[in-house]
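Please read the structure below before turning to the comments.
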Amino acid sequence: MIGTCRPTRRAALAGLAAALAAPSIVRAQEGAIRFGTLTPLTGTGGTYGPAMRDAVIGAVRAVNANGGLLGRQIQIVSEDTQTSPEAAVRAARKLIDVDGVAAIMGTWASSVTTAVAPLCWESKTMLFTVSGADSITQLPHQGFIARTQPNSQLQIEVASRFMVDQGGTSFAWIGPQTPFAQSSIDILTAVAAEAGIEVESLIYEAEKSTYRSEVDTILRSDPDFIQLGGYAADSTVLLRDLWQAGYEGMIIGPAYAVNDSVVEALPAEVLEGVFTWEGAPAIDSEAYANVQQILGVETVDPYSAQTYDHANLAMLAIGKAGASSGQAIHDHLREISQGSGQATGSAVSGLGVLPGDVNYDGASGPCDFDEIGDITGTQFLFKRFENGAPVEFERV
Amino acid sequence: MLSYLLATLTFAGIYGMLALGLNVIWGMTGMINLGLAGYFAVGAYASALLTTAAGLPILVGAAIGIAAAAVTGALTARLTLKLRGDYLAIVTLGFGELIRLIAANEIWLTNGSDGIPGIPGPFRSSLSPLEFNALFAAITVFAVAFCWALTERLRRSPYGRALRAIREDETAAAVAGKKVGAMKVQAFALGAALLGLAGVLYAHFTSYIAPDVFRPLLTIYIFLSLTAGGTGNPTGAVLGAVIVVVILEGSRFAEAILPAMSGAGAAALREITIGVLLIVIMRLRPEGLLAERPPKPLGATR
């Protein structure tokens with residue numbers, strides 16, 4: 001037995017050695033500044049990740065074409081979270097230890113962000129995220145997390161007030177188990193209680209092919225306004241099942257959940273009258289137009305708009321600092337994201353203004369951060385589906 | 001770079017520990033277990049909760065984590081004693097999901113899908129990240145070596161022979177006077193203890209666990225490890241786990257070698273590689289790279 005397995009072992013060792021030697025062969029472009037994208041390319045978040053990554057690459061390409069940053073080119077290293085904290089930790093280790101990235105951008109699932117956050121702050125790498133869970137910015141991150149997504153408490157408050165304002169008289173909340181499921185229900189219940197409205201709620205298991213029994217349960221309380229708490233895949237199924245069950249009241253869902261993929265999957269009559277809300281993207285801004293052009297789409301999804309901003313914020317902070325480390329981004333982020341400097345919508349134009357003061361206004365909004373890395377001053381945009389397309393309804 | 005290699009070695013060790021645990025349950029005794037992520041989760045959660053919420057030392061948390069996984073394993077085995085093959089596979093798959101759903105929904109205990117951050121690691125605060133990775137890689141390698149030796153010893157013992165007899169033909173083993181029921185429960189508990197130990201290592205290494213960690217994807221990687229390495233053979237289990245981690249991690253560098261293959265394409269390619277590899281191995285070498293051979297009895301001279 002020993003005799004026969006020896007060559008196999010040797011082959012395995014040789015293979016391992018080759019795999020480890022590979023990076024040193026391919027590590028070209030020394031001297032480039034490196035950023036990592038860590039978006040979900042497969043798994044539950046796989047519908048969002050590829051465009052998020054493309055938005056970062058587009059932003060960086062523009063700066064590279066314009067002579068680079070601090071006289072150096074910027075290189076993007078992309079990794080896949082597989083929407084799994086375990087896989088994401090392995091990927092983040094590679095980005096930090098092998099590629100030496102100054103910043104990691106685009107972590108999506110809250111569990112993934114929480115899992116990679118300690119690696120980032122221990123190694124002084126900046127982490128830009130689109131996750132909404134309130135707990136993330138409460139981690140002891142020493143300023144190494146910045147998130148461009150309004151935290152879930154703010155989002156739910158705004159949507160809940162909207163439901164009251166639209167004249168709903170009986171509310172329901174339905175969504176999968178997420179870090180913000182219970183707090184969403186609590187916030188909606190509190191806002192509704194002020195108006196004397198009852199709230200029925202149901203937390204379901206994501207990744208099911210039908211939600212008929214969940215829909216039956218939630219409709220038993222006879223709601224006339226339902227708030228969805230899920231993502232695109234489960235919201236598609238849920239909207240279909242609500243329609244088939246003959247529900248005729250109002251529905252509101254986050255724009256990232258009721259997005260283009262849902263529009264493609266469902267006929268227009270199912271979506272008619274459904275409301276969506278999102279942190280208002282700056283539709284008329286230079287930055288938004290840039291993302292439209294990079295992705296070749298008319299409506300930019302909120303996550304891609306945010307990762308475009310991540311890249312520009314990181315590049316401007318490095319330009320401001322004159323150094324390319326994660327610590328430099330950490331120290332100078334707020335100097336270029338807010339304040340009274342010249343408003344700019346891309347790193348290319350902002351770098352031209354430096355070392356003067358700039359204030360980056362991004363595709364996802366003004367991109368101003370408070371001391372724990374949460375976004376402030378976000379406007380919200382409500383849309384309503386008419387004939388299969390979302391139409392602007394109200395800004396708050 | 002060194003820090004990355006050490007972290008990868010640690011992950012390979014954790015995968016190897018999982019493969020060793022699965023090898024005892026499925027490889028040696030023939031009880032298919034598609035819920036191994038569940039026992040992994042029990043070990044990880046027990047130790048994480050005891051060392052964060054209850055503030056116990058890591059070693060105590062680890063010991064209780066391993067014990068909790070073993071008890072859970074014994075209970076599962078006792079409840080499914082009459083089930084074999086496909087039926088056992090379905091029940092264990094359901095069990096794994098059950099544990100994940102409890103972790104996601106019993107917020108008072110597990111903090112729900114927020115997960116548990118800030119799990120302490122041995123000497124983490126007084127070491128640099130590189131030193132911590134080196135220490136933890138050493139701990140993991142030692143633990144895997146110990147468990148490898150333990151299960152290899154088990155395989156060569158008369159007890160291991162009896163387990164193989166149960167795997168090949170339960171009725172015949174019972175007729176030969178083996179206590180089939182008790183031995184199945186014991187083997188399942190031992191295997192689950194190793195899975196729990198893997199969970200303990202994972203929790204204290206990464207410092208964060210959440211229900212999302214314990215999705216069935218991991219179970220598939222471990223089954224691939226064991227099938228590739230050699231079902232029934234502890235050496236094969238560890239080798240298979242190392243190969244799977246090398247593929248998972250090595251494919252990251254493929255993007256630089258094949259510039260045309262990038263982003264979503266590369267991510268999809270990785271998943272395709274894993275799937276194709278499983279098919280190819282099952283087709284060409286169903287017994288794995290290191291096939292199980294009847295071991296020499298203990299004490300026999302070479």
Report, in listed order, any pair from A:Lys94/B:Lys184; A:Lys208/B:Lys184; A:Lys208/A:Lys383; A:Lys320/A:Lys383 with a Cα-Cα distance greater than 32 Å. A:Lys94/B:Lys184; A:Lys208/B:Lys184; A:Lys320/A:Lys383
Using helices alone, I'd like the mean residue ellipticity at 222 nm for the protein assembly as shown: each DSSP H run of four-plus residues gives -39500 (n - 2.57), total over residue count, nearest 500. -18000 deg cm²/dmol
Those GluC sites (Glu not before Pro) in region B:106-204 that DSSP places in a loop and that have at most 11 other beta carbons within 10 Å: B:Glu106
Inter-chain Cβ neighbour average for residues A:97-104, partner chain, 10 Å: 3
Give the lysines reachable from B:Lys178 as a straight Cα distance under 29 Å; neighbours fewer than 8 places away on the same chain don't count. B:Lys82, B:Lys296
Do you know the relative contact order of chain A, to the nearest whole percent, from alpha carbon pairs under 8 angstrom that are 6+ apart? 16 percent
Can you compute the charge dipole magnitude of the protein assembly as shown about its Cα centre, using +1 on each Lys and Arg Cβ and -1 on each Asp and Glu Cβ, nothing else charged? Give it in debye, rounded to the nearest 20. 4840 debye
Can you tell me the FRET efficiency between A:Ala265 and B:Thr273 if r is taken as the Cβ-Cβ distance and R0 is 22 Å, rounded to the nearest 0.05? 0.15
The aspartates and glutamates whose Cα lies under 18 Å from the Cα of B:Lys179, excluding any fewer than 8 residues away in the same chain, are B:Glu168, B:Asp169, B:Glu170
Is the shape of chain A rounded, prolate or oblate, going by the alpha carbon gyration tensor and its root eigenvalues a ≥ b ≥ c, with a/c under 1.5 for rounded and a/b larger than b/c for prolate? oblate
Each label point is 7 Å from the Cα along the Cα-to-Cβ direction; what then is the distance between the points at A:Glu371 and B:Met1, in nm? 4.2 nm
Set the Förster radius R0 to 45 Å, insert the Cβ-Cβ distance between A:Glu205 and A:Asn387 as r into 1/(1 + (r/R0)^6), and round the FRET efficiency to 0.05. 0.85
Pick out the long, greasy-scoring helices in chain B: whole DSSP H runs spanning 18 Å or more along their own axis by Cα, mean Kyte-Doolittle at least 1.6. B:2-22, B:58-79, B:216-229, B:234-250, B:264-284
For A:Met250, what residues show an amide H to amide H distance below 5 Å, using hydrogens built from the backbone and excluding near sequence neighbours? A:Phe225, A:Ile226
What number results when the radius of gyration of the protein assembly as shown, computed over Cα atoms, is divided by 2.2 N^0.38 Å? 1.00
Nearest 10 degrees, 0 to 90: helix A:181-194 Cα axis against chain A principal axis: 40 degrees
Hey, got the dipole for region B:2-213? About the Cα centre, +1 on K and R Cβ, -1 on D and E Cβ, debye to the nearest 20? 840 debye
Find which of B:Ala104, B:Thr10, B:Ala210 sits farthest along the positive direction of the dipole of region B:2-213, computed with +1 on the beta-carbon of Lys and Arg, -1 on that of Asp and Glu, about the Cα centre. B:Thr10
Just need log10 I(q)/I(0) for region A:268-307 at q = 0.20, 0.22, 0.25, 0.33 Å⁻¹, Debye formula, equal scatterers on the alpha-carbon atoms, no solvent, rounded to two decimals. -0.66, -0.73, -0.83, -1.14
Calculate, in whole percent, how much of the Cα-Cα pair population of region B:2-213 lies beyond 27 Å. 33 percent
Given a 1.4 angstrom probe, what's the average accessible area per residue across chain A, in square angstrom? 36 Å²
FRET efficiency for A:Asp331 and A:Arg61 from the Cβ-Cβ distance with R0 = 30 Å, rounded to 0.05, comes out at 0.70
Counting sequence-distant residues (5 or more places) and residues on other chains, those with an amide H built under 5 Å from that of B:Met31 are B:Trp26
Nonlocal amide H pairs with B:Leu56, under 5 Å, H built at 1.01 Å: B:Thr51
Per the Kirkwood formula over distinct C-alpha pairs, the hydrodynamic radius of region A:41-188 in angstrom is 17.1 Å
Taking Cα atoms, the helix A:286-295 axis meets the longest principal axis of chain A at an angle in degrees (rounded to 10) of 80 degrees
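The values are calculated or read from the model by the stated rules, or taken from the named source; none is laboratory data. Keep in mind it's a predicted model, so treat the numbers as computed, not measured. Using ideal geometry, Cβ is built from the backbone for each residue, glycine included, and neighbour counts are taken over all protein chains shown. Areas reflect the complete protein model, heavy atoms only, side chains present, ligands, DNA and RNA absent. Shrake-Rupley method; radii C 1.70, N 1.55, O 1.52, S 1.80 Å.
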